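Quick notes on the structure that follows.
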Amino acid sequence: SRFTVNISSFFNSRQEQEGAAGISLYMLLNSYSALLSWQKKLSASTEIVLSSQNQFQTNRNAGSRTIVPDANTRENSLSAFLKHQKKQYIVEGGLRIDQRDLQTFATGNLNAGNPFDPGRAILPTKKTFNSLNGAIGSSFRPFSFLNCKANLSSGYRSPNLAEYRDWE
């Protein structure tokens, strides 16, 4: 068997100068993520992969203009994948469960700094998104130059901070 761990962090500073007044849009986005994966051959023809993917993000505004609120986002997922191969046939399938927590904080006014639209106050909110997805597929390789595949899957993506509008 094989166990893999990937850990990363990203620190972004986004600044925009609009006119001669200096930096108006200034956001700090920090991301931390981890991927844990365990892969094991159950037999000569069957393999399983279990994994967990996690991410935590913070977004903070430091400029005079606000386009998204100060927020924390946490995402966690668990997945299982099974693959069975017999000569030129492969059958595989998997399940994945996801949870995303989005928490916004009071952040002044949306689009503050625009004299024609003073904006609306951004109030704190908390929301959790859950999903369960699956996939099953098969392939058949009758000749070395031909591989026939079929797959059926479901999918879901929860909104990111800019798409989530409860704070508007």
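The values are calculated or read from the model by the stated rules, or taken from the named source; none is laboratory data. Keep in mind it's a predicted model, so treat the numbers as computed, not measured. All Cβ positions, glycine included, derive from the backbone under ideal geometry; neighbour counts span all protein chains shown. To get the accessible areas, we keep the full protein, side chains included, count just its heavy atoms, and leave off ligands, DNA and RNA. Shrake-Rupley method; radii C 1.70, N 1.55, O 1.52, S 1.80 Å.
The length gained on full extension between residue 139 and residue 40, counted as 0.36 nm times the residue separation minus their Cα-Cα distance, comes to 33.5 nm. Segment residue 32..residue 162, full-extension length gain: 44.9 nm, with 0.36 nm per residue of separation and the alpha-carbon distance subtracted. At a probe radius of 1.4 angstrom, the accessible area of the chain per residue rounds to 65 square angstrom.
How large is the translational diffusion coefficient of segment 120-161 in µm² per second when you combine the Kirkwood radius over alpha carbon pairs with Stokes-Einstein at 4 °C and 1.567 mPa s?
Values: Rh = 14.7 Å.
D = 88 µm²/s.
The modelled label-to-label distance between residue 121 and residue 52, using points 7 Å beyond Cα along the C-beta direction, is 4.0 nm.
Please work out the FRET efficiency for the pair residue 9 and residue 88, using the Cβ-Cβ distance as r and a Förster radius of 45 Å; give the result to the nearest 0.05. Working from the Cβ atoms, E equals 0.55. Legend: Rg and Dmax of segment 21-102, from Cα coordinates, 20.6, 69 Å. Each residue of segment 132-140 was assigned a 3J(HN,Hα) from its phi angle through the Karplus curve 6.51 cos²θ - 1.76 cosθ + 1.60 (θ = phi - 60°); the sequence is 10, 10, x, 8, 9, x, 8, 9, 9 Hz, with glycine and proline shown as x. Considering the chain at the alpha-carbon level, its Rg and Dmax are found to be 22.6, 70 Å.
If the segment from residue 149 to residue 130 were pulled out straight at 0.36 nm per residue, it would be longer than the present Cα-Cα gap by 3.9 nm.
Taking all protein chains as shown and a probe of 1.4 angstrom, residue 86 keeps an accessible surface of around 130 Å². Considering only 4, 138, 106, and ranking their Cα positions along the charge dipole of the chain that arises from unit charges at the beta-carbon of Lys, Arg, Asp and Glu, the one farthest toward the positive end is 138.
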